[in-house]
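To start, the structure under review is shown below, and the notes come after it.
Every number here is computed from the coordinates shown, using simple stated rules; none is lab data. Every value quoted in this text rests on a predicted model; they were computed, and no experiment measured them. Note: ideal-geometry Cβ built from the backbone for every residue, glycine included; neighbour counts use all protein chains shown.
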Amino acid sequence: MANPRRAISLQIPTQTPPFPTAAASSSSSLPSSLLHFLKRPASFPFLLFLFLLLTWISLRFHQPAPSTSLQRPIVAHDPQANLVRYPAALHPTPIAADGRGWLLDPVAAARDAGLPGGALVCLSLHVGVVQPGGLRGNHRHHTCNETFVIWGAKTKFRLENADVKDKGYGEAIIAADEVAVVASTRSTAHALINMDVRPTFFLGCQDTPINPNSSNTDYKVWKDL
Ligand SMILES: *[C@@H]1O[C@H](CO)[C@@H](O)[C@H](O)[C@H]1NC(C)=O
Ligand SMILES: *[C@@H]1O[C@H](CO)[C@@H](O)[C@H](O)[C@H]1NC(C)=O
């Protein structure tokens, strides 16, 4: 323990002389009295202060670095529910370029996230809310593909999926601080369930301007919802 300490105390005096020397060689117009002052041991506290000041400035300058690394895009995929979740409040992410908040094009977001089967055009749009404990959907449209955006509360999304053994559906939980994009291809049942104490908001983009009725839509698909 004694050796490193001695090494540190030796390092400071050996490091300080190059300062005035470098200053003297780079700018010969400096007043010689200042140069003499810097060469004297009495200048050590001044140089130390300067060093601490520069350290403080550099630490202040580097402060944003840790918060930037915390703001890395965190994109969560739920392939069984054909859903992707983004953090709503962070940036930069694929849906938020800066601190103003998120903004997305449902069709482009689904495509960019690699979600197959969604609407490629929005010929019919629905924007709505699901109150706490409420359920929307639980139906199967046969004449349109649909892309959803869901946010605002802890919400369960269920999507019919024959690849999921036994259940026949995939599910994802969207957290209150997340934005989800979902693609539901035609003839695929879907349901949204608000599991929170605050409202869930959603947008549904359909590629056919259907007026849902019993001939193009199956209702109450899942009995457990
Ligand atoms: C739905 O998507 C499929 C491809 O996944 C496409 O062939 C079809 O034209 C789309 N629209 C409707 C209304 O089925
Ligand atoms: C249901 O809607 C379709 C259009 O999507 C329409 O052609 C049909 O007549 C409607 N059927 C009933 C029973 O209302």
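For Val164 and Asn211, what is the calculated FRET efficiency with R₀ set at 30 Å and r taken between the beta-carbons, to the nearest 0.05? Could the numbers behind the result be given before it?
Numbers: r = 31 Å, r/R0 = 1.03.
For Val164 and Asn211, the calculated efficiency is 0.45.
Any chance you could run the full-extension gain for Ala97 through Ile173? It's 0.36 nm times the residue separation minus the Cα-Cα distance, nm to one decimal. Could the numbers behind the result be given before it?
Values: separation 76, 0.36 × 76 = 27.36 nm, distance 2.46 nm.
Fully extending the segment from Ala97 to Ile173 adds 24.9 nm.
Under a Cβ-Cβ cut-off of 14 Å, what is the net charge of the residues other than Thr217 that fall near it, where Lys and Arg count +1 and Asp and Glu count -1? Could the numbers behind the result be given before it?
Details: positive: Arg136, Arg140, Arg186, Lys220; negative: Glu146, Glu160, Asp218.
The answer is +1.
For Ala89 and His142, what is the calculated FRET efficiency with R₀ set at 41 Å and r taken between the beta-carbons, to the nearest 0.05?
Details: r = 38 Å, r/R0 = 0.92.
Efficiency, from the Cβ-Cβ distance: 0.60.
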Inset, instruction - Could you calculate the contour length gain from His126 to Ile74, that is, 0.36 nm times the residue separation minus the distance between their Cα atoms, to one decimal place in nm? - result: 16.0 nm
Inset, instruction - Report the extension gain between Lys220 and Thr55 in nm, rounded to one decimal, defined as 0.36 nm multiplied by the number of residues separating them, less their alpha carbon distance. - result: 52.8 nm
Inset, instruction - Order by neighbour count: Arg198, Arg85, Arg186, Arg100, fewest other Cβ atoms within 10 Å first, most last. - result: Arg100, Arg198, Arg186, Arg85
